[in-house]
Amino acid sequence: MALQAHQERMTDERITPDQWLAKWQEPAIRYLCEAYQTRKYEENVRDFDDLIAEALQLLEQHGNVLDLVRERFRHVLVDEYQDTN
């Protein structure tokens, strides 16, 4: 449940922090998610969800990067996706 809450917080840009907090009222879940985020920040590390979210953000905010990726890769194959998480 805590991992689901964290994943939702990181990947669904439609959910504001206030909406997320209202949905996940369980203090232990909020504590775990916030502690996890803090620790990742302190250690300067990313998890798989961060990599996806940051890559998407990069492509959405920087059209020149998106153009470069489109020029370089005609197709992207994702194999055994369920094994990546």
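The values are calculated or read from the model by the stated rules, or taken from the named source; none is laboratory data. Small disclaimer: the values here were computed from a predicted structure and weren't measured.
Can you report the number of residues in region 42-70 which are over 21 Å from Arg14 (Cα atoms), of a type outside the set (Val, Ile, Thr) and under 14 Å from the mean Cα position of the chain (by Cα)?
Result for region 42-70: 1.
Got a sec? Which helices (runs of 4 or more DSSP H) wholly within region 1-77 have at least 1 residues that are among the charged types (D, E, K, R) and modelled with pLDDT under 85?
In region 1-77, 2-11, 17-23, 27-43, 48-61 are the helices (runs of 4 or more DSSP H) which contain 1 or more residues that are among the charged types (D, E, K, R) and modelled with pLDDT under 85.
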